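One structure is given here, and the rest of the page talks about it.
We did not get these values from a lab; they are worked out from the coordinates using the rules stated. Here the structure is a predicted model, which is why all the values come from computation and not from measurement. Positions of Cβ are generated from backbone atoms using ideal geometry, with glycine treated the same way; all protein chains shown enter the neighbour counts.
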Amino acid sequence: MRRIHVIGIGAGDPEQLTLQAVRALRGTDVFFLLDKGAAKADLTRLRRDILDTHIPEGTYRLVSAPDPERDRAAGGAAYAPAVEDWRGARAALYERLIAEELGEDERGAFLVWGDPALYDSTLGILEEVLERGSVTFAYDVVPGISSVSALAARHRTGLSGVGRPVQITTGRRLSGGFPEGVEDVVVMLDAHQVFRRFADEDVDIYWGAYIGTPDEILVSGPIAEAAPRIERLRAEARERKGWIMDTYLLRRRPGKPSGDPR
């Protein structure tokens with residue numbers, strides 16, 4: 001039976017791969033890469049750099065295909081249907097790639113940024129492919145160092161205080177305010193820099209972009225002081241590279257309960 005490895009490759013640094021991930025890479029016959037276009041060519045190059053670092057040349061095949069476009073303008077009630085349509089298109093692509101490019105006795109792999117269990121659709125899409133029933137395979141998951149873990153490490157901080165929970169959410173969710181009863185919030189996928197709404201509160205931010213890569217940018221401090229610098233650096237980086245991947249941790253200072261407007 002065909003076998004698929006879903007391998008977490010960390011936030012971009014080839015040295016962040018676990019020994020388990022390296023072993024899975026070296027046991028793979030075919031790597032499937034999604035081409036996200038010229039603007040995000042760096043993402044493909046980083047994957048190739050990881051393979052060049054850990055696998056002897058000529059021992060594997062690369063199969064590349066254009067990533068289906070997603071309607072990123074869809075908002076409100078149209079957001080969920082747009083995501084589902086995109087996932088369906090990816091499932092059809094994965095189904096074709098596995099059926100046509102992977103032999104019955106071969107092992108294939110998808111390289112997933114960070115950790116496959118955190119804000120990634122690969123596992124759900126592979127399950128959808130299996131449910132369609134036209135191609136069969138077994139798959140396993142190799143955990144990786146997420147951008148969240150790498151962010152905390154680069155800022156030399158923990159994700160939560162003693163006895164306090166931490167919540168991971170999106171900018172879209174954070175726009176409604178700090179989660180009730182939570183003092184530490186990790187935010188991903190924030191294209192609108194929602195953290196600015198907390199500039200008048202006693203909240204610190206630990207922000208990072210392109211974490212684990214040579215282009216890494218880090219900023220931390222009270223939001224009122226850090227926000228202007230983050231906005232400027234973020235705009236400059238996006239203009240220079242054509243894309244940006246960032247995340248951040250928000251932390252209320254001790255003595256300011258969630259919901260305190262001061």
- Item | For the stretch 3-145, the Rg and Dmax computed from alpha carbons only, in angstrom | 15.1, 48
- Message: Students often get this wrong: which residues of the stretch 149-173 have the backbone nitrogen under 19 Å from the point 7 angstrom along Cα-to-C-beta of Leu218?
- Response: 149-161
- Within 10 Å, count the other beta carbons around each residue, average over each peptide in 111-117, 4-10, 173-179, 192-198, and list them highest first. 4-10, 111-117, 192-198, 173-179
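Show me the three semi-axes of the equivalent ellipsoid for the stretch 148-252, from the C-alpha gyration tensor (sqrt of 5 times each eigenvalue), largest first, rounded to whole Å.
With the √(5λ) rule applied to the stretch 148-252, the semi-axes are 21, 15, 12 Å.
Could you give the size of the charge dipole of the stretch 3-145 about its Cα centre, using +1 on the Cβ of each K and R and -1 on the Cβ of each D and E, expressed in debye and rounded to the nearest 20?
Approximately 200 debye in magnitude.
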- Query: What length, rounded to one decimal in nm, is gained on full extension from Glu84 through to Ile55, with 0.36 nm per residue of separation minus their alpha-carbon distance?
  - Reply: 6.9 nm
- Query: What angle do you read, to the nearest 10 degrees and between 0 and 90, between the alpha-carbon axis of helix 79-101 and the longest principal axis of the chain?
  - Reply: 30 degrees
- Task: Using only Cα atoms, locate the centre of the stretch 183-241 and the centre of the stretch 12-69, then give the distance between them in Å, rounded to an integer.
- Result: 28 Å
- For the Cα atoms of the chain, what angle does the longest principal axis make with the long axis of helix 41-54, in degrees from 0 to 90, nearest 10? 60 degrees
- Which stretch or stretches of the stretch 185-223 have amide N atoms under 14 Å from the point lying 7 Å from Arg229's Cα along the Cα→Cβ direction? 204-209, 217-223
- Calculate I(q)/I(0) for the chain by the Debye formula, one identical point scatterer on each C-alpha and no solvent, and give its log10 at q = 0.12 Å⁻¹ to two decimals. -0.80
